[in-house]
Amino acid sequence: MKPTTRGTLAAVITGVAATVGAAAPAAASGTVPVPVPLGGASRSLGMEVPRVGAELPLLKPGAPDGPRYVSGRLVPDRTLPQLPVSSGLPGLDARAPLPRPLGDGFDHVDVDSPTGDLRALTPGLSLDAPLTAPAGRDSGLPGARIPQVGVLPPVVHTVADGNVGTGPGR
């Protein structure tokens, strides 16, 4: 194997190992931190720049509540069940400099919005066939009736929280 091929293969294996090593803690905590690297811009411009970071939640699907069989119906209730999903709202942590109108220096404005719990149910479908259950009359044949269709609406439960503040200095 050539040295360049060996070096390329080593770089690929190192990248895959770093990606797998970084993904394990994120999956355990339920959020993925997203830093915005602005340190180089601060050094190159010679001034203070905003500091921004975020957290993105990972979706966790749950087990659906299966169809329910009801006597007198040919098709079970909740034919297409709602799927529960739990996650979180994205978090934000930002700090930006504000120049003082009179004098030298900067004040700061901070925005902090931590991740919050989010529980949701996807839409579902409930329908009934246009036939009745077989009865003892009419030679055991089912009768005709108007078909019924119902849409189960999506549901979202969450509480958002955030803080905005200003202050002096670094």
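3J(HN,Hα) along region 62-68, derived from phi through the Karplus expression 6.51 cos²θ - 1.76 cosθ + 1.60 where θ = phi - 60°, amounts to x, 8, x, 7, x, x, 10 Hz, with x in place of Gly and Pro. If the chain linking Tyr69 and Val32 were pulled fully straight, counting 0.36 nm for each residue of separation and taking away their Cα-Cα distance, it would gain 9.2 nm. The phi-based Karplus calculation (6.51 cos²θ - 1.76 cosθ + 1.60; θ = phi - 60°) puts the 3J(HN,Hα) values of region 46-61 at x, 8, 7, 10, x, 10, 10, x, 9, 10, 9, x, 9, 6, 10, x Hz, whole numbers, x for Gly and Pro. Scanning residues 5 or more positions from Arg73 or on other chains, none has an amide H under 5 Å from its amide H, with H placed 1.01 Å from N in the peptide plane.
Placing unit charges on the Cβ atoms only, positive for Lys and Arg and negative for Asp and Glu, gives region 39-167 a dipole magnitude near 640 debye about its Cα centre.
Selection among Leu152, Leu58, Leu141 by position relative to the dipole of region 53-170 gives Leu141 as farthest towards the positive end (Cβ unit charges, Cα centre).
Laboratory data are not the source of any read-out in this text; all were calculated from the coordinates shown. None of these values were measured; they are calculated from a predicted model. Please note: Cβ atoms are built from the backbone with ideal geometry, for glycine as well, and neighbour counts cover all protein chains shown.
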